[in-house]
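The values are calculated or read from the model by the stated rules, or taken from the named source; none is laboratory data. Everything quoted here is computed from the prediction, not taken from an experiment. Neighbour counts are summed over all protein chains in view; Cβ atoms, including those assigned to glycine, are modelled from backbone coordinates with ideal geometry.
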Amino acid sequence: MPEELALHGGPPVRSSLLPYGRHNLEDDDVAAVLESLRGGWLTTGPTIGRLERAVAERVGARHAVAVSSGTAALHAAVFAAGIGPGDEVIAPPLTFAATTNVVLYQGGLPVFADVRADTLTLDPADVERRLTPRTRAVIAVDYAGQPCDLDALRGLTRRRGLVLIEDAAHALGAEYHGRPLGALADLTTWSFHPVKHVTTGEGGMITTDDAGLAARCARFRNHGIATDAAEREARGDWFYEMTDLGFNYRLTDLQCALGLAQLAKLDRFLQRRRAVAERYRAALDDLAALSLPAVAPDVSHAWHLFPVLLQLERLSADRRTVFSALRAEGIGVNVHYIPVYWHPYYQRLGYEKGLCPRAEAVYERLLTLPLFPAMNERDVDDVVRAVRKVVGHFAR
């Protein structure tokens with residue numbers, strides 16, 4: 001006899017909720033922050049440069065600029081790309097709103113292109129269809145940790161003289177055709193939010209091979225001022241000039257100390273994420289009412305998220321009911337993402353539903369399963385058991 005769902009009064013798989021993502025801090029992370037607190041600099045000090053050099057080396061880029069969040073990284077990249085009033089920037093709707101909010105910050109106009117049906121990353125063919133004489137840049141998102149089709153996008157942007165910005169917030173450690181992400185686009189942005197691969201609490205980074213773009217990002221994070229306090233202190237000078245209208249997007253030394261400690265564990269974190277993803281794929285592959293994530297050939301997936309698609313025609317319940325049933329079982333499923341232009345703010349700007357049919361259809365069926373390095377085997381087993389229990393209950 002099938003188990004009664006917790007949603008209907010039966011015993012849950014777990015007594016406490018397993019979140020979809022969570023940071024993983026260890027004693028050496030705490031020690032690194034304490035050492036920084038006892039040092040001479042809390043901000044604009046030498047630890048920032050150390051983290052920048054470490055990230056640049058890890059991702060194979062010549063330059064890295066640390067900022068206060070992944071959103072700040074995107075904003076700095078859009079600024080460095082020269083986006084201004086009236087400029088169009090093409091981006092996918094299946095992303096967090098920050099990806100295109102930063103275009104609005106600069107007075108630009110986000111233009112949404114649909115995602116591929118398999119990988120759910122930006123579709124280069126639809127990008128080309130959306131180009132106009134006002135297009136200045138493309139922002140590609142490595143959705144869930146999978147690299148987007150960079151060869152096609154790079155070829156398209158180069159032919160048209162456009163800037164390619166890669167939003168790699170999900171994809172630290174991923175590879176595309178054997179090369180690490182980080183310098184394959186004109187500008188690549190990263191997030192160090194607690195649920196990402198490594199964390200600085202809040203934080204972000206821009207990487208690039210272009211010294212001029214890096215310099216523009218560095219000024220932008222510091223009010224548009226051409227020098228920082230450490231540089232002026234080193235040369236015993238007081239004079240500075242504001243050359244651009246920037247923001248205070250600086251990352252502190254203590255956050256960078258945490259980031260350095262975390263970065264040293266990236267390979268271990270990636271290995272665990274990939275192991276959990278493989279467990280899910282092996283244990284859930286036979287469920288006809290569930291589609292598992294497709295992985296493109298010749299990429300190394302970083303597995304920030306594990307998004308599955310419900311085959312609703314094979315279920316007697318809608319996505320909301322399945323979501324609620326899994327939460328009742330103690331599994332903190334989530335949904336990534338509501339199409340950006342469905343948000344009320346974008347609706348007030350005049351964006352209409354129906355712009356990107358594939359992304360919209362995918363959204364109605366998406367669920368994100370928990371995936372983070374600190375998950376133990378019991379946690380993974382609980383997710384598998386709960387998914388099979390709930391999907392089995394509603395299967396037609």
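Miscellaneous remarks
- Filter pass, Pro307 being at negative phi and crowded, with 16+ Cβ neighbours inside 10 Å: yes
- Each residue in segment 312-351 was checked for being touching a Pro at 6+ places or on another chain (Cβ under 7 Å) and over 22 Å from Pro293 (Cβ atoms), and 3 of them qualify.
- Of the residues making up segment 334-361, those that are over 18 Å from the mean Cα position of the chain (by Cα) and either at positive phi or among the aliphatic types (A, V, I, L, M) (or both) are Leu349, Gly350, Gly354, Leu355, Ala361.
Residue-by-condition table, conditions (1) more than 22 Å from the chain's Cα centre (by Cα); (2) assigned by TED's automatic domain parsing to the domain that holds Phe372; (3) in a helix (DSSP H, G or I):
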{"position": "Leu172", "(1), (2), (3)": "no, no, no"}
{"position": "Thr189", "(1), (2), (3)": "no, no, no"}
{"position": "Ala218", "(1), (2), (3)": "no, no, yes"}
{"position": "Gly246", "(1), (2), (3)": "yes, no, no"}
{"position": "Leu270", "(1), (2), (3)": "no, yes, yes"}
{"position": "Glu278", "(1), (2), (3)": "no, yes, yes"}
{"position": "Asp286", "(1), (2), (3)": "yes, yes, no"}
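Condition check ((1) over 23 Å from Pro344 (Cβ atoms); (2) surrounded by fewer than 24 Cβ atoms within 10 Å (Cβ to Cβ); (3) among the aliphatic types (A, V, I, L, M); (4) touching a residue at least 40 places away in the same chain (Cβ under 8 Å)) across all residues:
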| residue | (1), (2), (3), (4) |
| --- | --- |
| Gly60 | yes, yes, no, yes |
| Ala72 | yes, no, yes, yes |
| Ala97 | no, yes, yes, yes |
| Arg116 | yes, yes, no, yes |
| Cys148 | yes, no, no, no |
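- Within segment 1-32, the set of residues being crowded, with 18+ Cβ neighbours inside 10 Å and of a type in the set (Val, Ile, Thr) comprises Val13 only.
- Of all residues in segment 230-251, those that are under 29 Å from Thr199 (Cα atoms) and among the small types (Gly, Ala, Ser) total 2.
- Residue list for segment 195-238, restricted to those being basic (Lys, Arg) and modelled with pLDDT under 95: Arg232, Arg235
- Single residue of Ala325, Ala264, Ala283, Ala294 found to be closer than 17 Å to Met375 by Cα and at pLDDT 95 or above: Ala283
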